[in-house]
1. If a residue counts only when it is in the same structural domain as B:Ala280 (by TED's automatic domain parsing), in contact with a helix residue (DSSP H, G or I) (Cβ under 6 Å, 6 or more places away or on another chain) and within 28 Å of B:Gln276 (Cβ to Cβ), which helices (runs of 4 or more DSSP H) contained entirely in the stretch B:313-389 have at least 3 such residues?
2. So how many residues does the stretch A:107-133 have that are surrounded by fewer than 17 Cβ atoms within 10 Å (Cβ to Cβ) and touching a residue at least 24 places away in the same chain (Cβ under 8 Å)?
3. Can you go through A:Leu370, A:Leu334 and tell me which one is outside any loop (DSSP other than H, G, I, E, B) and either within 19 Å of A:Phe384 (Cα to Cα) or at pLDDT below 80 (or both)?
4. Give me a count of the residues in the stretch B:95-109 that are in a loop (DSSP other than H, G, I, E, B) and without any contact (Cβ under 8 Å) to a residue 24 or more places away in the chain.
5. Filter the stretch A:433-452 down to the residues that are modelled with pLDDT of 85 or more and of a type in the set (Gly, Ala, Ser) and list them by number.
6. Is one or more of the residues making up the stretch A:241-249 under 32 Å from the mean Cα position of the chain (by Cα) and of a type outside the set (A, V, I, L, M)?
7. Those residues that are in a loop (DSSP other than H, G, I, E, B) and in contact (Cβ under 8 Å) with a residue 24 or more places away in the chain, I need them from the stretch A:243-269; list them, please.
8. Which one of A:Glu414, A:Glu402, A:Glu443 is open to solvent by 20 Å² or more (accessible area, probe 1.4 Å), in a loop (DSSP other than H, G, I, E, B) and acidic (Asp, Glu)?
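The values are calculated or read from the model by the stated rules, or taken from the named source; none is laboratory data. What you see is a predicted model; the values in this text were computed from it and never measured. Counting neighbours? That spans all protein chains shown, and the Cβs are built from the backbone with ideal geometry, glycine included. Accessible surface areas use protein heavy atoms only, side chains included; no ligands, DNA or RNA. Shrake-Rupley method; radii C 1.70, N 1.55, O 1.52, S 1.80 Å.
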Amino acid sequence: MLEHVALNQTRFNTPGVAPDNRGVLLGKQAALLFSSVDRLVGFFRVWCEESSMDDLLAKLKIHQVRSPLETREHLVIFHATTSYLVDRAARMAAMFGGLTFTGSGKHFVKYRDNASPLGYDVTQLAADAGDFALYHDTFSQSYTRVKDVPFDQLVFRLSLRHLPGGLGPELSERADREVLWLIVRPGLLRSVLTYLWRNRVRAEAAVASTGATAGTFTGARELGLIRVHDLPDRMLDLFRQVPGVEVHRPVGDNCTVQVGFRHPLRLEACAAVFDKDKLYVFSGERDAVDVLASMPPLVPAHDLIGSGFDLGERPEPRPLTAAAPEQIQISLKLVPSTAESAHRRVTATLIPWSQAAWLKRLIYALPPTLLATYRVAAIAEGLFVIGEQGVDGLPLGALYQEAAPSIYVPLGHEFLPRVSQAVLTDQVGGTSGRYILFVLGGEGPLALEHALFEPLGRRALARLTAEPRERDPRLEPARAATPATVVNEEAPAFPLWGFTTKEST
Amino acid sequence: MSREQKRLPAGEPLLPTWLHEFVLPLVAGGDVRVSRVFGAVELRRLEDEAFTMESDERALALAEARQEVMAELLIDPAPPALDDEAIRLALAVQTMLFFGHPAATAATVRKSRLREVAAWTQEQLAALMPAEGPTQLAARHSILHHLFDLGRDDVRVSFWAGRREFRGQEPPARLLAWQRVRRVREERWRTSIVGEALGDPLARGLLDALLVASPLTDLLSPTRTEPPLDLARLAPHLANAAIARAVCDRWLTLGLGEVGGPLVGALFRLYDQRGQRAAARTATALACHLVLLWLFARPTAPDPVRVASEMQVLGATRPGLRDLFGLFVAAQRFDLGAPPDLARDARLRAPLDACLKACRQIVGPERITEIEGAIARGVDAPLKLAAQA
């Protein structure tokens, strides 16, 4: 018999159980009792669809148990980390007629339900012999373990189910067909590869062996594995109809399932079952699972297609020596340009020294805001004035424009041949920290360091020297406010000796 | 040879040393050395030597120093002569300072002897003729202009066995030796001579006599607590334009907020005195003139709104100044508040009206009525009912 667990109850008859944070009675383990394999598989199918098997697989045990009435049932025992996990498992197990228990070791008591939200506790423990004692509100029964059913065995021994329809929902999307696997018999491998190569389908192939079986007359099976990319629909239909060729779709990292079939369990949720170094090939037609000991090294398909090689076709290669190419130099010429594009903004001017006085006078007429943008460098050819925003305010000297950044050419001139700005900059040796100036009639370009430039206003004005002056003594300085401090000097022993109010007689 | 003649160095002139050690520092600043008092004999010698001294370096330096002080009050004053007035004023100061000398409390000095010295010195000051004219007032003030900021550096040395105090003297080196072993601690402070003199009846008498002898010194230090400003005695000098100008300049330099309280207090004391009608009128007019100067003596034309806000702040922070504002308003009823021709200039009339309006708001009508009553009592003029209408 069971009794309801009360809130804040701390003592229980069931061994190994305790209330969790919510007050729900929970043991270290939870047990699900299924009366048949179908229900057991159904439970795992639903579980895999909703969540990952990782929650259960840690300490999952599936036991085939036998009741005292010799009925065979399946008992699933897993680690009850939280009551939330057990709640979920109980809900799914109830869909397949499963019963949920909690406890640890041998004794498992019925898990909570709507009638008793905090769970149940037994009034008296059963003394029956058996491996498991399950306490339900309708029965209390002990079970004996018959055998264990590993979960991976459950995965590999379940047959694939045929999907109705054509390609099925698994390949309805284009993205699902980006990578497919072709499992072909070794004799068909070359033909399939040639067919793919001719139709320009990208593919990689490998020949894998499933390993020898224990039978005397059964040798190792060889499979041709071809990974194809973006397989056209017509080929997909074609390969599905060719005997000896199976089209597989990848599931997870190291599983393939034949197209048109599906595994009863959702294999993506059972990733922990599969060894990462192996390749699992689930074949629906053959109703078999091929396990490749390791992922085969894939080779591009075109390398595997032979076209007949003859070592005597060509003579030995002739050795050749490299030689420096002949340098071609073309000199740049500065020529007047009539093209409209050659007339750019005037950003510099070279004022000869003969016009320097004019510049000085002009500066007084220019607004200070305009002068602030001008910089000037004094060179032998004259005063070179640069204004980033233009030197429109200085109608003096030879006007210059920028042929390339920091490279100035006379206005209305261009280089022949026309070279790009990058080439021009490269040919003059770069413009980092300097300006390059091409003067008409000059022998070559002039390089002006940035340090030569200074603001035009400061440069144009003559230095003013202030003549020091001294204070005129005709105006006397103000009286210094010196405080007066009384200092008491040493007085004689009789300080008032000799004081008189009358003058001497 | 008399006793006092034995005490004085017979062949050595007294005046140069005295000028160098006492009078010149008293005027120009520095260490004013005091060790004794002068009596009638020394006074006579000083006067004689001053009369016969020609182009002495110290006398010239003193004259220049006094001229500099006078130049701050008058336009282009001549170097004052070292006359009997200057000598007696300086001598009186020396005597007052001697009363604070440690020797004055020595066992060898009798109180009666000190009273005798004080009485004789006051007699010498009282014998001075009343000062007439700004030059004479400024000349006397040039001797005493440091009177109220004259100070003395006192030292107290504490050590393991006790403590000793030195007034205006440096402690001997032996007392400061082995500071750590003897746990020597030095405390220094500056003592105001006037503040100390106020606590000594003999020195207080001399201080009063000095202020009577130099009215300008009295007028130019209105912010002192004691002795109080006696406008009954000083008001006649304020009738002189040069003196009134110098006094107003000094008072505005000190700040209306600082001067307002003591000035109004002196005015109310004056109003309570009988027979001081003229002095009361003069002093009242000068107080109003001071307010007008504060109002108009600005780099730019006074803004009525700004003036009103300034007065509100001053009235809130300086309670004594509120009575001055009230007196300024009340004096308008007695034609003492402003020159009659002020109303002719509209640029001056507008700020003046704003000032009067602000004064009425700050002081309140009740207090203004009280002040009007005080003024009426002082200037001996009945309140005109017609003025209210």
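1. Values: elements: B:319-331, B:346-363, B:365-379, B:385-388.
Answer list for the stretch B:313-389: B:319-331, B:346-363, B:365-379.
2. Selection size over the stretch A:107-133: 7.
3. Every option except A:Leu370 fails the conditions.
4. Residues of the stretch B:95-109 that are in a loop (DSSP other than H, G, I, E, B), as a first pass: B:99-101, B:106-109.
This time we only want the ones that are without any contact (Cβ under 8 Å) to a residue 24 or more places away in the chain, so: B:106-109.
Here the count works out to 4.
5. Answer for the stretch A:433-452, where residues must be modelled with pLDDT of 85 or more and of a type in the set (Gly, Ala, Ser): A:Gly433, A:Ala447, A:Ala451.
6. Looking only at the stretch A:241-249, we keep the residues that are under 32 Å from the mean Cα position of the chain (by Cα), and these are A:248-249.
Now restrict to residues that are of a type outside the set (A, V, I, L, M): A:248-249.
Yes: the stretch A:241-249 contains one or more residues that are under 32 Å from the mean Cα position of the chain (by Cα) and of a type outside the set (A, V, I, L, M).
7. A:Gly244, A:Asn254, A:Val259, A:Gly260, A:His263, A:Pro264, A:Leu265, A:Arg266
8. Result of the check over A:Glu414, A:Glu402, A:Glu443: A:Glu443.
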